[in-house]
1. So for region 287-359, averaging the separation of alpha carbon pairs under 8 Å that are six or more residues apart and normalising by length, what relative contact order in percent results?
2. What ranking of 94, 165, 85 emerges when the number of other C-beta atoms within 10 Å of each C-beta is taken as an exposure proxy, fewest first?
3. Compute the acute angle (0 to 90°) between the alpha-carbon long axis of helix 182-191 and the principal axis of greatest extent of the alpha-carbon atoms of the chain; round to the nearest 10°.
4. Cα axis of helix 208-220 to longest principal axis of the chain: angle in degrees, 0 to 90, nearest 10?
5. Can you pick out the pairs among 212/392; 173/246; 103/307; 157/251; 103/329; 91/307 whose Cα atoms lie more than 21 Å from each other?
6. Contact order normalised by length for the chain, with contacts defined as Cα pairs under 8 Å and 6 or more residues apart; what percent is it?
7. How tilted is helix 403-413 with respect to the longest principal axis of the chain? Cα atoms for both, answer in degrees (0 to 90, nearest 10).
8. Regarding the chain, what whole-number volume in Å³ per residue does the convex hull of its Cα atoms give?
Amino acid sequence: MKPAYTFSLLVTLSILLLFTACPTKQRTTAILSTNRPEFTSYAELFNSVQDEYRLVIAFNDKPRAQLSDNGGVNSDLVIDVQLNSQQYLNKFASLENLFMEEKLDADRFYPIPFEQGQYDGQQVLLPISFQIPGLMFHAEQQITEQDSFLINLEQVKKLNQEFSSQTEKGFTKLGLSLRWDSSLLYLITLLKETDFHEGSSGSLIWNSQHLKDSVDLIREWTYQINAGLTAEREFSQKFLIEPPYKLIAKKRILCYYTDAADFYSLSPQLRENLKLRWLADEDTISVLPNMLFAGIPHGAPGIEAAKAFITWFSNPASQEELLAATQYKRTRTFGIAGGLSALPKVNEQILPTYYPSLVGYIPTASYLDFPPPMPADWSMLRDQVIIPWLEKQAESETTDELLRDHLATWLRQKPAS
């Protein structure tokens, strides 16, 4: 249990016991199960702007895990990643009446994540927010002649070679190592269109040739561009004892992997010396496969209150109120639930007014490549299978174990859930 959630959990458990002791056919209070702390303040605002319904937060490390097959309902609303997996889609009630009654409009949302929330011809999930990958540079660094809000790997490679400086004792400056952050190793597979996704049986499948291309690029970066594994390690041991933003400020490294949530968690004073560029392939940004979705489980007694909240939340005007409240409280939570909103209008017209450095740097929908649905256990697969395998490949000049063999071994040893 996370310490920050302990008090909220105790309060929620008391409310749950009260509801259990005093059942009603239709509750005006909805219990939201999520692991996103931002929804505490979102619930507070929702509860304050109307007096018909209330939202109570129940923090849970893995909210989707409570979506059982036995029909039990522990919450009225679930907000989590991977809800668009086929393992979970049939667990949610239809939201079609919200669109039929014109309380919601499908055109408000990015089309692809919106369509991924459909099951058996019915809308059962609403997308909430998503993340896109970036690199942070020194504010004075000239990136391209046009200084676009995008940067691709070829441009980074060229800048890396121009920036790096080496003596007989090793690198004194090093532009970028793909091994500094394992998330960047995984991102290379996205940029190379490895296409990890959920198969018809719920298993993980991918493009083997494009995965090989990803590994080849990672090895080329280390062994040919950065003078080898030993040179990278020695530089890291000598200099990467300080935070990346300090090393960028000292011009010891060229850039470092980040996303908007991490970048804007830095204080404004630190960000003054930095700038963020979205990492892309050509003109396409790969949206990270950790999109947040909201759904109402079948049989939720607080369904009307849950619908009222997601109707209110999915309005651009409401999200502007949430952004204003976040700024007023001076919290360092970025955007909507730590990411870009699932509503293009919020990102393109409202978000830059609260984050002036993003003026002219918000990608429109045509730049975004949304990921397909992932298996229900995607987070574990990424963290315990794919990334460790990529880390091993990055340190070796040959492949002695294929990813499918590594995955098969992991599945055999995986404890029963």
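Read the figures in this text as sums done on the coordinates, not as results from a lab. Computed from a predicted structure; not experimentally measured. Positions of Cβ are backbone-derived with ideal geometry, glycine not excepted, and every protein chain shown enters the neighbour counts.
1. Working: 32 pairs, mean separation 16.6, N = 73.
That works out to 23 percent.
2. Numbers: 94 16, 165 11, 85 19.
If I rank by nearby Cβ atoms, fewest first, I get 165, 94, 85.
3. On a 0 to 90 degree scale, this one is about 90.
4. Helix 208-220 sits at roughly 50 degrees to that axis.
5. Numbers: 212/392 14 Å; 173/246 13 Å; 103/307 10 Å; 157/251 17 Å; 103/329 30 Å; 91/307 16 Å.
From 212/392; 173/246; 103/307; 157/251; 103/329; 91/307, over 21 Å: 103/329.
6. Numbers: 661 pairs, mean separation 110.0, N = 417.
Once divided by the residue count of the chain, the mean separation gives 26 percent.
7. 50
8. Details: hull volume 65.3 nm³, N = 417.
Cα-based convex hull of the chain, divided per residue, equals 157 Å³.
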